[in-house]
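K.L.:
Dropping the structure in here first, questions after.
The values are calculated or read from the model by the stated rules, or taken from the named source; none is laboratory data. For clarity, every value in this text was computed on a predicted model and none was experimentally measured. Heads up, the Cβs are rebuilt from the backbone with ideal geometry, glycines too, and the neighbour counts pull from every protein chain shown.
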Amino acid sequence: MANKQVRILLSKIGLDGHNRGILLVARMLRDAGFEVVYLGWHRTPEEVVQAAIQEDVDLIGLNSMADAHRVLAPKVVALLREKGARTPVVLGGFIQPEDIPELKANGIAEVFPSGTDFDRAIEWIHRNVAEDAA
């Protein structure tokens, strides 16, 4: 990682109430040296975008264990673009493999389905976010 500590906003969007995984991810990201802002669960795309801009984060990590990610995650990207923000958005959780191409076509920078090796995610952040945040 470069000079500036990477700030990552984590949140669950929609009515998904399963938060154990995202709390584990938050802890692992902190242990890896990132600054984590955990917005919590049951957040709207508008709340996520507002918080990301206010907190000046370098990356937004959304988590979904429900099926609403196909609509809500791209909405976060669209709202960011409307506000002129270029913050990358990644998505993790229970994501069907067939959803991934559509999510990426709609602006999701990367998808980390349940069971993704954590080192792979950290490597992705270093390669795609940490260098730009410096």
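K.L.:
Restricting attention to strands (runs of 3 or more DSSP E) lying wholly within segment 1-67, give those where 1 or more residues are modelled with pLDDT under 95 and farther than 20 Å from S114 by Cβ.
P.N.:
It comes to 35-43.
K.L.:
Separate question: Any idea which of A68, A85 is of a type in the set (A, V, I, L, M, F, W, C) and either in contact with a Pro (Cβ under 8 Å, 6 or more places away or on another chain) or within 22 Å of N19 (Cβ to Cβ) (or both)?
P.N.:
A68
K.L.:
Would you call A130 at pLDDT below 95, more than 15 Å from the chain's Cα centre (by Cα) and surrounded by 15 or more Cβ atoms within 10 Å (Cβ to Cβ)?
P.N.:
Considered against the rule, which asks whether it is at pLDDT below 95, more than 15 Å from the chain's Cα centre (by Cα) and surrounded by 15 or more Cβ atoms within 10 Å (Cβ to Cβ), A130 comes out as no.
K.L.:
Could you grab me the full set of residues in segment 21-42 that are farther than 19 Å from V111 by Cβ and either basic (K, R) or surrounded by fewer than 15 Cβ atoms within 10 Å (Cβ to Cβ) (or both)?
P.N.:
L23, R27, R30, D31, G33, G40, H42
K.L.:
To continue, here is another question. Looking at the structure I just gave you, is I95 crowded, with 16+ Cβ neighbours inside 10 Å and in a loop (DSSP other than H, G, I, E, B)?
P.N.:
Yes.
K.L.:
Could I ask something else about it? E102 - would you say it is loosely packed, with under 15 Cβ neighbours inside 10 Å and acidic (D, E)?
P.N.:
yes
K.L.:
Anything in segment 75-92 that is in a helix (DSSP H, G or I), loosely packed, with under 15 Cβ neighbours inside 10 Å and not basic (K, R)? List them, or say none.
P.N.:
Result: A78, E82.
K.L.:
Separate question: Answer yes or no: is there a residue in segment 116-127 that is touching a helix residue (DSSP H, G or I) at 6+ places or on another chain (Cβ under 7 Å) and not β-branched (V, I, T).
P.N.:
yes
K.L.:
Considering each residue of segment 62-74, count those that are without any contact (Cβ under 8 Å) to a residue 40 or more places away in the chain and either among the hydroxyl-bearing types (S, T, Y) or surrounded by fewer than 18 Cβ atoms within 10 Å (Cβ to Cβ) (or both), and give that number.
P.N.:
3
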